[in-house]
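Asks: Quick one: the structure is below, and I'll ask about it shortly.
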Amino acid sequence: MGSLSASLNIALQSMLAEQGAIETTSNNIANANTPGYSLQRPDLEETPPVSIGGKSFGTGVQLSQVTSLRDAVLDLRVNQETQQQSQLNSFISGGQQIQVLFNEAAGTGLQSPLTAFFNTLSELATNPSDLTTRQNVITAAQNFASSLNQASANLATLQRNTDLGVQQSVSQINSLISQIAQVNQQVVAASTTGGNAGPFEDQRQQLILKLSNYIGVSEVDAGNNSLTVTTANGSALVVGGQSFALTTTANSSNGFQDVYSNGKDITSQITGGQLAGQIQIRDQEVPAVQTLLDTLAYNLANAVNHQNSAGFDLNGMAGGNIFNTQAQQAGAAASISVTITDPAKIAASGGPSPGSPGDNTNANALVALQNQSLISGLTPLNFYSNLVFKVGNDISSAQTEQTAGSQVLLQLQNLQGGVSGVDINEEAANLMRFQNAYQASAQISSVIDKLMEATMNMVT
């Protein structure tokens, strides 16, 4: 009787174990297409045998635990590459917006108005006494100054918009780290009570992956299956069940938002993620292009003014400034304007002697400025071409790095899928295997039940 009871217990315990395995396998199949889901493996193990009369008898099987299959190193590498890709994507997006401002094919660059200005000076040298030609010089100068003003204003607008993007990214980061802290607690609670922490770990990993899209982070094992999440420079974001929100404060010198962690300015230390790309565009790329634009405006305007002041106008008077410039280079592109309004005051002549209205000596000198190394050893047009090349080259370099990084990320994701991904065919085979085992155990249970009934009838 005792032997039959033991056999029945083994069969019932086997049914429970196989049922747990079937449920786990069914859950795997159901989540085959769920982003971030890690394959769960039902771990079946033999229960300890018993000794009776010097002989050992098996006591069956049990489902010891359900293990989520994941590779922590692969997860970390995927996060790191995601951070790098997100930074490059953000930088390329901002860089392309800068590039649009100097799209010569679309007519938004400075090459046409700059060339047009020198062309009108060349026409003036051909007919220095013609008022219409002189007016054309003033109009071309105004167009060039207006183009510089507009380019500078567009850069400033892009910079302000990027600053708004910085604030939005910080808001998203704070939302994500708050969620990570909550899930972190759930992981620890499930781990310490012997529950299945796998689903919570999957959720936490997905949140950290999303966080990696916004900022570079590091993960530290804090024990009890808990994670401490920090920025790449070590500023705490999540510790246990507590999150530490980032804050933004306007910089007193430029008004843009600096990023603070626990009262410390970490703006320049942020690496990886969308936020780093935005800061790079706002604090480095736009100011660099703006400086080049100011350099072009300041040096060209001063050179033209200096040369015009060396000649004489139609009235035999010494020439004055054509452009209205400021004393310093910074901000020159935004403030440049044309100060001359009377076309007769353009100093085309080289001297005030009789007949000077037909003299084109100074007009030729003004035309010659376009071929002189006025700005950093370059002609005005070549200097501007270098500005355009810099923007294009910075974007091209980032795109090259992005392409290479995307291949690495894809390979890592494939490796990650090989460890944690669900193979439908394999799970279907497992389901049949566990089902057959369950049915066999049920059959054993039915046979033993009949044997026990027969034995009871014999006794009565």
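The values are calculated or read from the model by the stated rules, or taken from the named source; none is laboratory data. Just so it is clear, the structure is predicted and the values come from calculations on it, not from any experiment. Note: ideal-geometry Cβ built from the backbone for every residue, glycine included; neighbour counts use all protein chains shown. Calculation scope for accessible area: heavy atoms of the full protein, side chains included, ligands and nucleic acids excluded. Shrake-Rupley method; radii C 1.70, N 1.55, O 1.52, S 1.80 Å.
Asks: I'd like to verify a number: residues in segment 133-150 that are under 47 Å from the mean Cα position of the chain (by Cα) and closer than 17 Å to Gly311 by Cα, how many?
Replies: 2
Asks: Hey, which of the strands (runs of 3 or more DSSP E) in segment 13-132, taking only ones fully inside, have at least 3 residues that are under 42 Å from the mean Cα position of the chain (by Cα)? It would help to see each step written out before you state the result.
Replies: Details: elements: 40-46, 50-52, 55-57, 61-68.
So the answer is 40-46, 61-68.
Asks: Do the conditions hold for Arg70, that is, is it open to solvent by 30 Å² or more (accessible area, probe 1.4 Å) and modelled with pLDDT of 90 or more?
Replies: No; evaluated as a whole, the condition is false for this residue.
Asks: Also: Just to be sure before I move on: is Asp283 at pLDDT 95 or above and either open to solvent by 40 Å² or more (accessible area, probe 1.4 Å) or in the same structural domain as Ile336 (by TED's automatic domain parsing) (or both) in the structure I sent?
Replies: Here the answer is yes, as Asp283 does meet what is asked.
Asks: Still on this structure, please answer the following. Does Thr291 qualify as being open to solvent by 10 Å² or more (accessible area, probe 1.4 Å), over 22 Å from Thr247 (Cβ atoms) and without any contact (Cβ under 8 Å) to a residue 40 or more places away in the chain?
Replies: Judged against the criteria, Thr291 is a match.
Asks: Another one. Do you know which residues across segment 120-171 are open to solvent by 50 Å² or more (accessible area, probe 1.4 Å), at pLDDT 95 or above and of a type in the set (Gly, Ala, Ser)?
Replies: Hits for segment 120-171 are Ser122, Ser146, Ser171.
Asks: While we're on this one: Is there a residue being out of contact with any helix residue (DSSP H, G or I) (no Cβ under 8 Å at 6 or more places or on another chain) and open to solvent by less than 30 Å² (accessible area, probe 1.4 Å) anywhere in segment 206-213?
Replies: No: zero hits.
Asks: While we're looking at this one, here's another question. Which one of these does Leu246 not meet: (1) surrounded by 21 or more Cβ atoms within 10 Å (Cβ to Cβ); (2) under 22 Å from Pro35 (Cα atoms)?
Replies: Looking at each condition in turn, Leu246 falls short on (2).
Asks: Considering only segment 297-308, I want to know if a residue exists there that is farther than 25 Å from Asn79 by Cβ and either outside the structural domain of Leu207 (by TED's automatic domain parsing) or surrounded by fewer than 15 Cβ atoms within 10 Å (Cβ to Cβ) (or both).
Replies: Checked segment 297-308: at least one residue is farther than 25 Å from Asn79 by Cβ and either outside the structural domain of Leu207 (by TED's automatic domain parsing) or surrounded by fewer than 15 Cβ atoms within 10 Å (Cβ to Cβ) (or both).
Asks: Out of Ser3, Ser51, Ser38, report the one residue that is over 30 Å from Asp394 (Cβ atoms), of a type in the set (Gly, Ala, Ser) and open to solvent by less than 70 Å² (accessible area, probe 1.4 Å).
Replies: From the options Ser3, Ser51, Ser38, the qualifying one is Ser38.
Yes or no, residue by residue, for (1) farther than 30 Å from Phe312 by Cβ; (2) modelled with pLDDT of 95 or more:
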| position | (1), (2) |
| --- | --- |
| Lys345 | no, no |
| Gly350 | no, no |
| Pro354 | no, no |
| Ala368 | no, yes |
| Asn371 | no, yes |
| Pro380 | no, yes |
| Leu409 | yes, no |
| Leu412 | yes, no |
| Gln416 | yes, no |
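Asks: Of all residues being open to solvent by 60 Å² or more (accessible area, probe 1.4 Å) and either within 22 Å of Gln142 (Cβ to Cβ) or in contact (Cβ under 8 Å) with a residue 24 or more places away in the chain (or both) in segment 354-369, which is nearest to the chain's Cα centre (by Cα)? Just the residue, please.
Replies: Among them, the one singled out is Asn364.
Asks: Being β-branched (Val, Ile, Thr) and assigned to a helix (DSSP H, G or I) is the filter; apply it to segment 407-434 and report the residue that is surrounded by the fewest Cβ atoms within 10 Å (Cβ to Cβ).
Replies: The residue in question is Ile424.
Asks: Only residues that are over 18 Å from Asp221 (Cα atoms) and at pLDDT below 90: list them for segment 172-196, please.
Replies: Thr193, Gly194, Gly195, Asn196
Asks: Going through Ala454, Ala404, Ala437 one at a time, which residue ends up being open to solvent by less than 80 Å² (accessible area, probe 1.4 Å) and either of a type in the set (Asp, Glu) or under 26 Å from Thr67 (Cβ atoms) (or both)?
Replies: Only one candidate qualifies: Ala437.
Asks: Could you figure out which of (1) in a helix (DSSP H, G or I); (2) at pLDDT below 95; (3) surrounded by fewer than 16 Cβ atoms within 10 Å (Cβ to Cβ); (4) polar (S, T, N, Q) isn't true of Ser397?
Replies: Among (1) in a helix (DSSP H, G or I); (2) at pLDDT below 95; (3) surrounded by fewer than 16 Cβ atoms within 10 Å (Cβ to Cβ); (4) polar (S, T, N, Q), Ser397 violates only (2).
Asks: Residue pairs, Cβ under 6 Å, 6 or more apart or interchain, first in segment 427-444 and closer than 17 Å to Gln40 by Cα, second open to solvent by less than 50 Å² (accessible area, probe 1.4 Å) and among the aliphatic types (A, V, I, L, M). List them.
Replies: As it stands, the answer is Phe434/Ala21; Phe434/Ile22, since those pairs meet every condition given.
Asks: Given the options Gln19, Gln13, name the one that is touching a residue at least 40 places away in the same chain (Cβ under 8 Å) and out of contact with any helix residue (DSSP H, G or I) (no Cβ under 7 Å at 6 or more places or on another chain). Spell out how you get there, then give the answer.
Replies: Values: Gln19 fails: out of contact with any helix residue (DSSP H, G or I) (no Cβ under 7 Å at 6 or more places or on another chain).
Of Gln19, Gln13, the one residue that is touching a residue at least 40 places away in the same chain (Cβ under 8 Å) and out of contact with any helix residue (DSSP H, G or I) (no Cβ under 7 Å at 6 or more places or on another chain) is Gln13.
Asks: Among the residues of segment 90-113, is there at least one that is free of Cβ contacts under 8 Å to residues at least 60 places away in the same chain, closer than 30 Å to Thr361 by Cα and open to solvent by 10 Å² or more (accessible area, probe 1.4 Å)?
Replies: Among the residues of segment 90-113, at least one is free of Cβ contacts under 8 Å to residues at least 60 places away in the same chain, closer than 30 Å to Thr361 by Cα and open to solvent by 10 Å² or more (accessible area, probe 1.4 Å), which makes the answer yes.
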